[in-house]
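The values are calculated or read from the model by the stated rules, or taken from the named source; none is laboratory data. Here the structure is a predicted model, which is why all the values come from computation and not from measurement. Because the Cβ atoms are built from the backbone with ideal geometry, glycine has one as well, and the counts that use them run over all protein chains shown. Just so you know, the surface numbers come from the protein's heavy atoms only, side chains and all, with ligands and any DNA or RNA stripped out. Shrake-Rupley method; radii C 1.70, N 1.55, O 1.52, S 1.80 Å.
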Amino acid sequence: MTGDGNRKADRIIPFASFEVMHREIREEMYRKFQEVYEKNWFIQGAETTLFEKEFAVYHGMSHCIGVGNGLDALFLTLKALGISQGDEVLIPSNTFIATALAVSYTGATPVLVEPDMETYNLSGEGLEEALTERTKAVLPVHLYGQPAEMDPILEFAERHGLYVVEDCAQAHGACYKGKKTGTFGIAGCFSFYPGKNLGALGDAGAVLTNDDELAEKIRALGNYGSRKKYEHICQGNNSRLDEMQAGFLRIKLKHLDRYNVYRNQVADRYLGEIRNPKLVLPKIGRDRTHVWHIFAVLCEERDRLQTYLAERGIQTVCHYPVPIQEQVAYRSVISGKYPVAKKISSQELSLPMYYGMAEEDVSEVIWCLNAF
(Lines give C-alpha, C1' and ligand atoms only; values in the text may rest on other atoms or scores of the structure.)
Protein backbone atom coordinates (compact mmCIF):
# COMPACT_ATOMS: atom_id res chain seq x y z
CA MET A 1 0.00 0.00 0.00
CA THR A 2 1.43 3.32 -1.00
CA GLY A 3 0.03 5.66 1.63
CA ASP A 4 0.05 8.31 -1.08
CA GLY A 5 -3.19 9.80 -2.35
CA ASN A 6 -1.39 10.72 -5.56
CA ARG A 7 -0.42 7.11 -6.31
CA LYS A 8 0.03 6.43 -10.00
CA ALA A 9 -0.63 3.07 -11.56
CA ASP A 10 2.47 0.91 -11.44
CA ARG A 11 0.23 -2.19 -11.68
CA ILE A 12 -3.42 -2.86 -12.39
CA ILE A 13 -5.95 -4.05 -9.83
CA PRO A 14 -8.54 -5.69 -12.09
CA PHE A 15 -12.26 -5.41 -11.62
CA ALA A 16 -12.46 -9.19 -11.93
CA SER A 17 -9.95 -11.97 -12.46
CA PHE A 18 -10.18 -15.74 -12.94
CA GLU A 19 -6.44 -16.27 -12.51
CA VAL A 20 -6.35 -17.74 -8.99
CA MET A 21 -9.57 -19.70 -9.43
CA HIS A 22 -8.51 -21.28 -12.70
CA ARG A 23 -4.96 -21.94 -11.56
CA GLU A 24 -6.27 -23.98 -8.62
CA ILE A 25 -8.48 -26.20 -10.79
CA ARG A 26 -6.43 -26.15 -14.00
CA GLU A 27 -5.49 -29.83 -14.05
CA GLU A 28 -9.02 -30.96 -13.31
CA MET A 29 -10.42 -28.66 -16.02
CA TYR A 30 -7.84 -29.94 -18.52
CA ARG A 31 -8.74 -33.53 -17.73
CA LYS A 32 -12.42 -32.76 -18.17
CA PHE A 33 -11.75 -31.14 -21.53
CA GLN A 34 -9.81 -34.19 -22.67
CA GLU A 35 -12.50 -36.54 -21.36
CA VAL A 36 -15.28 -34.78 -23.26
CA TYR A 37 -13.07 -34.36 -26.32
CA GLU A 38 -12.23 -38.06 -26.46
CA LYS A 39 -15.87 -39.11 -26.04
CA ASN A 40 -16.83 -37.11 -29.16
CA TRP A 41 -20.28 -36.43 -27.67
CA PHE A 42 -20.86 -32.69 -27.33
CA ILE A 43 -24.63 -32.10 -27.00
CA GLN A 44 -27.10 -33.69 -24.56
CA GLY A 45 -24.69 -36.21 -23.10
CA ALA A 46 -23.66 -37.49 -19.70
CA GLU A 47 -21.97 -34.28 -18.48
CA THR A 48 -25.11 -32.23 -18.99
CA THR A 49 -27.28 -34.86 -17.33
CA LEU A 50 -24.94 -35.04 -14.34
CA PHE A 51 -24.64 -31.27 -13.97
CA GLU A 52 -28.41 -30.88 -14.10
CA LYS A 53 -28.78 -33.48 -11.35
CA GLU A 54 -26.03 -31.95 -9.20
CA PHE A 55 -27.27 -28.38 -9.58
CA ALA A 56 -30.81 -29.48 -8.71
CA VAL A 57 -29.56 -31.37 -5.63
CA TYR A 58 -27.48 -28.36 -4.53
CA HIS A 59 -30.73 -26.36 -4.42
CA GLY A 60 -33.00 -29.15 -3.16
CA MET A 61 -35.09 -28.97 -6.35
CA SER A 62 -36.60 -31.67 -8.55
CA HIS A 63 -35.56 -30.42 -11.98
CA CYS A 64 -32.73 -28.51 -13.60
CA ILE A 65 -32.85 -27.84 -17.33
CA GLY A 66 -29.60 -26.70 -18.90
CA VAL A 67 -29.96 -24.02 -21.59
CA GLY A 68 -27.71 -21.85 -23.73
CA ASN A 69 -27.56 -18.75 -21.52
CA GLY A 70 -29.34 -16.78 -18.81
CA LEU A 71 -31.56 -14.81 -21.19
CA ASP A 72 -32.81 -18.05 -22.72
CA ALA A 73 -33.49 -19.42 -19.24
CA LEU A 74 -35.83 -16.50 -18.57
CA PHE A 75 -37.42 -16.43 -22.02
CA LEU A 76 -38.06 -20.16 -22.30
CA THR A 77 -39.57 -20.24 -18.81
CA LEU A 78 -41.95 -17.36 -19.52
CA LYS A 79 -42.88 -18.90 -22.87
CA ALA A 80 -43.50 -22.28 -21.25
CA LEU A 81 -45.82 -20.59 -18.76
CA GLY A 82 -47.92 -19.31 -21.65
CA ILE A 83 -47.02 -15.65 -21.26
CA SER A 84 -47.54 -13.97 -24.61
CA GLN A 85 -48.73 -10.88 -26.47
CA GLY A 86 -51.05 -8.68 -24.43
CA ASP A 87 -49.67 -9.88 -21.09
CA GLU A 88 -47.55 -7.86 -18.66
CA VAL A 89 -44.70 -8.93 -16.39
CA LEU A 90 -43.47 -6.85 -13.45
CA ILE A 91 -39.67 -6.43 -13.28
CA PRO A 92 -37.29 -4.13 -11.35
CA SER A 93 -36.57 -0.79 -12.99
CA ASN A 94 -32.84 -1.06 -12.29
CA THR A 95 -32.10 -4.52 -13.69
CA PHE A 96 -29.93 -5.48 -16.66
CA ILE A 97 -31.76 -5.28 -19.98
CA ALA A 98 -31.83 -9.09 -20.37
CA THR A 99 -34.68 -9.28 -17.83
CA ALA A 100 -36.80 -6.98 -19.99
CA LEU A 101 -35.76 -8.67 -23.24
CA ALA A 102 -36.94 -12.05 -21.99
CA VAL A 103 -40.39 -10.60 -21.43
CA SER A 104 -40.41 -8.81 -24.78
CA TYR A 105 -39.40 -11.96 -26.68
CA THR A 106 -42.65 -13.63 -25.56
CA GLY A 107 -44.64 -10.72 -26.98
CA ALA A 108 -45.55 -9.51 -23.48
CA THR A 109 -44.72 -6.08 -22.04
CA PRO A 110 -42.21 -5.51 -19.22
CA VAL A 111 -43.60 -3.18 -16.54
CA LEU A 112 -41.00 -1.48 -14.36
CA VAL A 113 -41.26 -1.34 -10.56
CA GLU A 114 -38.85 0.76 -8.52
CA PRO A 115 -36.53 -1.12 -6.13
CA ASP A 116 -35.82 -0.53 -2.47
CA MET A 117 -32.92 1.95 -2.15
CA GLU A 118 -31.43 -0.02 0.74
CA THR A 119 -30.94 -3.31 -1.13
CA TYR A 120 -31.50 -2.27 -4.79
CA ASN A 121 -34.03 -5.11 -5.05
CA LEU A 122 -37.80 -5.47 -5.18
CA SER A 123 -39.27 -5.43 -1.68
CA GLY A 124 -42.99 -5.70 -2.40
CA GLU A 125 -43.49 -1.93 -2.50
CA GLY A 126 -44.93 -0.61 -5.75
CA LEU A 127 -46.25 -3.94 -6.99
CA GLU A 128 -49.92 -3.15 -6.31
CA GLU A 129 -49.62 0.17 -8.14
CA ALA A 130 -48.12 -1.57 -11.19
CA LEU A 131 -50.75 -4.32 -11.27
CA THR A 132 -53.29 -4.39 -14.11
CA GLU A 133 -55.73 -6.97 -15.42
CA ARG A 134 -53.02 -7.95 -17.93
CA THR A 135 -50.36 -8.76 -15.30
CA LYS A 136 -49.40 -12.43 -15.42
CA ALA A 137 -46.10 -12.68 -13.54
CA VAL A 138 -43.58 -11.02 -11.26
CA LEU A 139 -39.90 -11.40 -12.11
CA PRO A 140 -37.77 -10.42 -9.09
CA VAL A 141 -34.05 -10.08 -9.73
CA HIS A 142 -31.59 -10.95 -6.97
CA LEU A 143 -29.37 -8.09 -8.03
CA TYR A 144 -25.65 -7.89 -7.22
CA GLY A 145 -25.84 -11.21 -5.33
CA GLN A 146 -28.42 -10.31 -2.67
CA PRO A 147 -31.85 -11.98 -2.54
CA ALA A 148 -34.91 -9.83 -3.09
CA GLU A 149 -37.53 -9.53 -0.32
CA MET A 150 -39.34 -12.69 -1.33
CA ASP A 151 -42.06 -12.99 1.35
CA PRO A 152 -44.11 -9.93 0.31
CA ILE A 153 -43.49 -10.68 -3.38
CA LEU A 154 -44.80 -14.22 -2.98
CA GLU A 155 -47.77 -13.02 -0.91
CA PHE A 156 -48.66 -10.43 -3.57
CA ALA A 157 -48.36 -12.99 -6.35
CA GLU A 158 -50.47 -15.58 -4.55
CA ARG A 159 -53.18 -13.01 -3.78
CA HIS A 160 -53.46 -12.07 -7.45
CA GLY A 161 -52.83 -15.46 -9.04
CA LEU A 162 -49.50 -14.52 -10.63
CA TYR A 163 -46.44 -16.57 -11.47
CA VAL A 164 -43.15 -15.76 -9.74
CA VAL A 165 -40.07 -16.40 -11.85
CA GLU A 166 -36.73 -15.58 -10.20
CA ASP A 167 -33.82 -14.03 -12.08
CA CYS A 168 -30.87 -15.56 -10.20
CA ALA A 169 -28.18 -14.63 -12.70
CA GLN A 170 -26.10 -12.84 -10.04
CA ALA A 171 -27.01 -14.81 -6.92
CA HIS A 172 -25.66 -18.36 -7.14
CA GLY A 173 -25.80 -19.80 -3.63
CA ALA A 174 -27.39 -16.78 -1.94
CA CYS A 175 -30.08 -17.51 0.66
CA TYR A 176 -33.24 -15.84 1.92
CA LYS A 177 -34.47 -17.16 5.28
CA GLY A 178 -32.33 -20.25 4.84
CA LYS A 179 -33.53 -21.11 1.31
CA LYS A 180 -31.41 -20.63 -1.77
CA THR A 181 -32.45 -18.24 -4.49
CA GLY A 182 -34.17 -20.01 -7.35
CA THR A 183 -36.32 -22.13 -5.04
CA PHE A 184 -39.14 -19.69 -4.18
CA GLY A 185 -41.09 -19.14 -7.38
CA ILE A 186 -42.37 -21.59 -9.94
CA ALA A 187 -38.92 -21.38 -11.53
CA GLY A 188 -35.47 -19.95 -10.91
CA CYS A 189 -33.36 -18.86 -13.88
CA PHE A 190 -29.56 -18.78 -13.88
CA SER A 191 -26.78 -17.47 -16.08
CA PHE A 192 -23.35 -19.10 -16.06
CA TYR A 193 -21.65 -16.33 -18.02
CA PRO A 194 -17.91 -16.56 -17.18
CA GLY A 195 -17.92 -13.64 -14.74
CA LYS A 196 -20.70 -15.06 -12.55
CA ASN A 197 -19.98 -16.60 -9.15
CA LEU A 198 -20.54 -19.93 -10.88
CA GLY A 199 -19.21 -19.26 -14.36
CA ALA A 200 -18.65 -21.47 -17.39
CA LEU A 201 -15.92 -20.84 -19.95
CA GLY A 202 -18.51 -19.48 -22.35
CA ASP A 203 -22.24 -18.82 -22.37
CA ALA A 204 -24.49 -21.20 -20.43
CA GLY A 205 -27.63 -21.13 -18.31
CA ALA A 206 -30.19 -23.24 -16.46
CA VAL A 207 -33.70 -23.30 -15.05
CA LEU A 208 -34.72 -24.84 -11.73
CA THR A 209 -38.28 -25.93 -10.99
CA ASN A 210 -40.29 -28.44 -8.97
CA ASP A 211 -43.08 -28.41 -11.57
CA ASP A 212 -42.84 -31.59 -13.68
CA GLU A 213 -44.96 -30.26 -16.54
CA LEU A 214 -43.11 -26.96 -16.70
CA ALA A 215 -39.75 -28.73 -16.75
CA GLU A 216 -40.86 -30.89 -19.66
CA LYS A 217 -42.11 -27.86 -21.60
CA ILE A 218 -38.92 -25.87 -21.06
CA ARG A 219 -36.76 -28.80 -22.12
CA ALA A 220 -38.81 -29.29 -25.27
CA LEU A 221 -38.82 -25.57 -26.11
CA GLY A 222 -35.05 -25.44 -25.85
CA ASN A 223 -34.72 -28.46 -28.15
CA TYR A 224 -36.59 -27.17 -31.21
CA GLY A 225 -39.92 -27.95 -29.57
CA SER A 226 -39.06 -31.63 -29.51
CA ARG A 227 -39.24 -34.38 -26.90
CA LYS A 228 -38.30 -37.04 -29.45
CA LYS A 229 -35.96 -36.50 -32.38
CA TYR A 230 -37.77 -35.23 -35.49
CA GLU A 231 -41.09 -35.02 -33.65
CA HIS A 232 -41.94 -31.43 -32.75
CA ILE A 233 -44.85 -30.61 -30.46
CA CYS A 234 -44.39 -26.84 -30.62
CA GLN A 235 -42.35 -24.14 -32.34
CA GLY A 236 -39.26 -24.21 -30.18
CA ASN A 237 -35.77 -22.77 -30.01
CA ASN A 238 -32.22 -24.11 -30.07
CA SER A 239 -30.93 -23.49 -26.54
CA ARG A 240 -29.07 -26.35 -24.90
CA LEU A 241 -26.25 -26.54 -22.37
CA ASP A 242 -23.34 -28.16 -24.18
CA GLU A 243 -21.25 -30.99 -22.76
CA MET A 244 -18.01 -29.06 -22.40
CA GLN A 245 -19.56 -26.23 -20.41
CA ALA A 246 -21.54 -28.68 -18.29
CA GLY A 247 -18.34 -30.54 -17.45
CA PHE A 248 -16.56 -27.34 -16.44
CA LEU A 249 -19.55 -26.25 -14.35
CA ARG A 250 -19.60 -29.59 -12.52
CA ILE A 251 -16.05 -28.92 -11.35
CA LYS A 252 -16.73 -25.34 -10.30
CA LEU A 253 -19.99 -26.19 -8.53
CA LYS A 254 -17.99 -28.22 -5.98
CA HIS A 255 -16.14 -25.01 -5.05
CA LEU A 256 -19.00 -22.49 -5.26
CA ASP A 257 -19.61 -22.17 -1.51
CA ARG A 258 -15.88 -21.64 -0.92
CA TYR A 259 -15.76 -18.99 -3.64
CA ASN A 260 -18.72 -17.21 -2.02
CA VAL A 261 -17.08 -17.29 1.42
CA TYR A 262 -14.00 -15.61 -0.04
CA ARG A 263 -16.13 -12.90 -1.67
CA ASN A 264 -17.78 -12.28 1.68
CA GLN A 265 -14.39 -11.85 3.29
CA VAL A 266 -13.48 -9.18 0.75
CA ALA A 267 -16.89 -7.53 1.22
CA ASP A 268 -16.46 -7.55 5.02
CA ARG A 269 -13.23 -5.60 4.66
CA TYR A 270 -14.83 -3.09 2.31
CA LEU A 271 -17.81 -2.64 4.64
CA GLY A 272 -15.66 -2.34 7.74
CA GLU A 273 -12.81 -0.20 6.44
CA ILE A 274 -14.23 2.16 3.79
CA ARG A 275 -15.10 5.31 5.73
CA ASN A 276 -15.46 8.01 3.10
CA PRO A 277 -18.70 9.98 3.66
CA LYS A 278 -18.89 10.61 -0.11
CA LEU A 279 -19.70 6.92 -0.59
CA VAL A 280 -22.90 5.04 0.21
CA LEU A 281 -21.98 1.45 0.98
CA PRO A 282 -24.33 -1.47 0.22
CA LYS A 283 -26.59 -2.77 2.96
CA ILE A 284 -27.62 -6.36 3.55
CA GLY A 285 -31.31 -6.94 4.21
CA ARG A 286 -32.57 -9.02 7.12
CA ASP A 287 -32.67 -12.82 7.00
CA ARG A 288 -30.53 -13.25 3.90
CA THR A 289 -27.01 -13.97 2.77
CA HIS A 290 -25.22 -11.95 0.10
CA VAL A 291 -22.79 -13.61 -2.32
CA TRP A 292 -21.33 -10.33 -3.65
CA HIS A 293 -21.34 -10.91 -7.36
CA ILE A 294 -21.01 -7.13 -7.40
CA PHE A 295 -19.92 -4.79 -4.61
CA ALA A 296 -21.83 -1.64 -5.56
CA VAL A 297 -21.28 1.77 -3.96
CA LEU A 298 -23.12 4.99 -4.73
CA CYS A 299 -21.33 8.29 -5.16
CA GLU A 300 -22.74 11.60 -6.40
CA GLU A 301 -19.37 12.20 -8.05
CA ARG A 302 -19.32 8.73 -9.60
CA ASP A 303 -17.60 9.66 -12.86
CA ARG A 304 -14.87 11.62 -11.11
CA LEU A 305 -14.38 8.76 -8.65
CA GLN A 306 -14.07 6.24 -11.46
CA THR A 307 -11.47 8.40 -13.23
CA TYR A 308 -9.57 8.89 -9.96
CA LEU A 309 -9.43 5.13 -9.37
CA ALA A 310 -8.48 4.38 -12.98
CA GLU A 311 -5.54 6.79 -12.71
CA ARG A 312 -4.37 4.69 -9.75
CA GLY A 313 -4.70 1.43 -11.65
CA ILE A 314 -7.98 0.33 -10.04
CA GLN A 315 -10.53 -0.97 -12.51
CA THR A 316 -14.24 -0.44 -11.84
CA VAL A 317 -17.49 -0.91 -13.76
CA CYS A 318 -20.84 0.94 -13.74
CA HIS A 319 -23.90 -1.31 -13.40
CA TYR A 320 -25.91 -0.04 -15.32
CA PRO A 321 -25.22 3.49 -16.61
CA VAL A 322 -28.29 3.75 -18.87
CA PRO A 323 -31.56 2.57 -17.26
CA ILE A 324 -33.95 0.44 -19.32
CA GLN A 325 -36.54 3.17 -19.88
CA GLU A 326 -33.85 5.38 -21.47
CA GLN A 327 -32.50 2.69 -23.79
CA VAL A 328 -33.34 3.32 -27.45
CA ALA A 329 -34.76 -0.20 -27.60
CA TYR A 330 -37.39 0.62 -24.95
CA ARG A 331 -38.20 4.31 -25.28
CA SER A 332 -41.34 3.53 -27.26
CA VAL A 333 -42.31 0.64 -24.96
CA ILE A 334 -41.84 2.04 -21.46
CA SER A 335 -42.90 5.47 -20.25
CA GLY A 336 -42.33 7.10 -16.88
CA LYS A 337 -39.51 8.72 -14.94
CA TYR A 338 -38.37 6.00 -12.47
CA PRO A 339 -36.19 8.28 -10.32
CA VAL A 340 -34.78 5.47 -8.15
CA ALA A 341 -33.43 3.60 -11.16
CA LYS A 342 -32.13 6.87 -12.57
CA LYS A 343 -30.32 7.70 -9.33
CA ILE A 344 -28.73 4.26 -9.12
CA SER A 345 -27.66 4.31 -12.77
CA SER A 346 -26.03 7.74 -12.39
CA GLN A 347 -24.27 7.05 -9.07
CA GLU A 348 -23.46 3.32 -8.94
CA LEU A 349 -19.86 2.13 -9.14
CA SER A 350 -18.79 -1.51 -8.77
CA LEU A 351 -15.50 -2.14 -6.98
CA PRO A 352 -13.04 -4.96 -7.68
CA MET A 353 -14.52 -8.19 -6.34
CA TYR A 354 -13.42 -11.74 -7.16
CA TYR A 355 -12.23 -15.00 -5.67
CA GLY A 356 -8.50 -14.85 -5.00
CA MET A 357 -8.26 -11.07 -4.76
CA ALA A 358 -5.03 -10.34 -2.86
CA GLU A 359 -5.25 -8.77 0.59
CA GLU A 360 -2.85 -6.02 -0.48
CA ASP A 361 -5.09 -5.17 -3.42
CA VAL A 362 -8.13 -4.97 -1.15
CA SER A 363 -6.14 -2.67 1.14
CA GLU A 364 -5.11 -0.52 -1.80
CA VAL A 365 -8.68 -0.10 -2.99
CA ILE A 366 -9.85 0.80 0.51
CA TRP A 367 -7.02 3.29 1.03
CA CYS A 368 -7.62 5.03 -2.30
CA LEU A 369 -11.36 5.27 -1.64
CA ASN A 370 -10.81 6.79 1.77
CA ALA A 371 -8.37 9.28 0.26
CA PHE A 372 -10.83 10.39 -2.43
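Among helices (runs of 4 or more DSSP H) entirely within segment 256-372, having at least 3 residues that are within 29 Å of Arg23 (Cβ to Cβ) and either aromatic (Phe, Trp, Tyr) or in contact with a strand residue (DSSP E or B) (Cβ under 9 Å, 6 or more places away or on another chain) (or both) singles out 256-273, 359-371.
Just one of the listed residues (Thr99, Thr106, Thr132, Thr119) is at pLDDT 95 or above, more than 21 Å from the chain's Cα centre (by Cα) and either among the aromatic types (Phe, Trp, Tyr) or on the phi < 0 side of the Ramachandran plot (or both), namely Thr132. Applying the condition of being without any contact (Cβ under 8 Å) to a residue 60 or more places away in the chain and either among the hydroxyl-bearing types (Ser, Thr, Tyr) or part of a loop (DSSP other than H, G, I, E, B) (or both) to segment 202-229 and asking which residue is most open to solvent (accessible area, probe 1.4 Å) yields Lys229.
Within 19 Å of Tyr120 (Cβ to Cβ) and either part of a loop (DSSP other than H, G, I, E, B) or under 19 Å from the mean Cα position of the chain (by Cα) (or both): does that describe Gly195? The answer is yes for Gly195.
The single condition among (1) open to solvent by less than 10 Å² (accessible area, probe 1.4 Å); (2) over 22 Å from Thr183 (Cα atoms) that Gln146 does not meet is (2). Helices (runs of 4 or more DSSP H) fully within segment 1-114 that include at least 2 residues being more than 28 Å from Lys179 (Cα to Cα): 19-24, 26-39, 97-105.
Here Gln315 meets the list (1) within 22 Å of Ala169 (Cβ to Cβ); (2) open to solvent by less than 80 Å² (accessible area, probe 1.4 Å); (3) not charged (D, E, K, R) almost entirely, failing just condition (2). Annotation note: Cβ proximity below 7 Å between a residue of segment 174-201 that is at positive phi and a residue that is outside any loop (DSSP other than H, G, I, E, B) and not acidic (Asp, Glu) (sequence gap 6+ or interchain) occurs for Gly182/His59; Gly182/Gly188; Gly182/Phe190; Gly182/Leu208.
If I ask for residues that are in contact with a helix residue (DSSP H, G or I) (Cβ under 9 Å, 6 or more places away or on another chain) and within 15 Å of Asn121 (Cβ to Cβ), which ones from segment 168-187 would you list? I'd like the intermediate steps shown before the answer.
Of all residues in segment 168-187, those in contact with a helix residue (DSSP H, G or I) (Cβ under 9 Å, 6 or more places away or on another chain) come to 168-174, 176-177, 179-187.
Scanning segment 168-187 gives Cys168, Ala169, Gln170, Ala171, Ala174, Tyr176, Lys177, Thr181, Gly182, Phe184, Gly185.
Filter segment 205-239 for residues that are at positive phi and in contact with a strand residue (DSSP E or B) (Cβ under 7 Å, 6 or more places away or on another chain) and give the result.
Filtering segment 205-239 down to residues at positive phi leaves 224-225, 230.
Answer for segment 205-239, where residues must be at positive phi and in contact with a strand residue (DSSP E or B) (Cβ under 7 Å, 6 or more places away or on another chain): Tyr224, Gly225.
Among the residues of segment 230-245, which ones are in a helix (DSSP H, G or I) and either of a type in the set (A, V, I, L, M) or open to solvent by 40 Å² or more (accessible area, probe 1.4 Å) (or both)? Hit for segment 230-245 is Met244, nothing else. Of Phe156, Phe190, all but one fail to be touching a Gly at 6+ places or on another chain (Cβ under 8 Å), assigned to a strand (DSSP E or B) and either surrounded by fewer than 24 Cβ atoms within 10 Å (Cβ to Cβ) or not charged (D, E, K, R) (or both); the exception is Phe190. Taking each residue of segment 246-263 that is buried (at least 18 other Cβ atoms within 10 Å of the Cβ) and looking for partners that are polar (S, T, N, Q) and part of a helix (DSSP H, G or I) with beta-carbon atoms closer than 8 Å, six or more apart or interchain, yields Ala246/Thr48. Restricting attention to segment 2-12, which residues are surrounded by 12 or more Cβ atoms within 10 Å (Cβ to Cβ) and either modelled with pLDDT under 95 or not hydrophobic (A, V, I, L, M, F, W, C) (or both)? Within segment 2-12, Thr2, Gly5, Arg7, Ala9 meet the criteria. Scanning segment 13-70 for residues that are aromatic (Phe, Trp, Tyr) and in contact with a Pro (Cβ under 9 Å, 6 or more places away or on another chain), we see that the one that is least open to solvent (accessible area, probe 1.4 Å) is Phe15. Of all residue pairs spaced 6 or more apart or on separate chains, those with beta-carbon atoms under 7 Å, a first member in segment 311-334 that is of a type in the set (Val, Ile, Thr) and a second member that is assigned to a loop (DSSP other than H, G, I, E, B) are Ile314/Pro352; Thr316/Phe15; Val317/Phe15; Ile324/Ser93; Ile324/Ile334.
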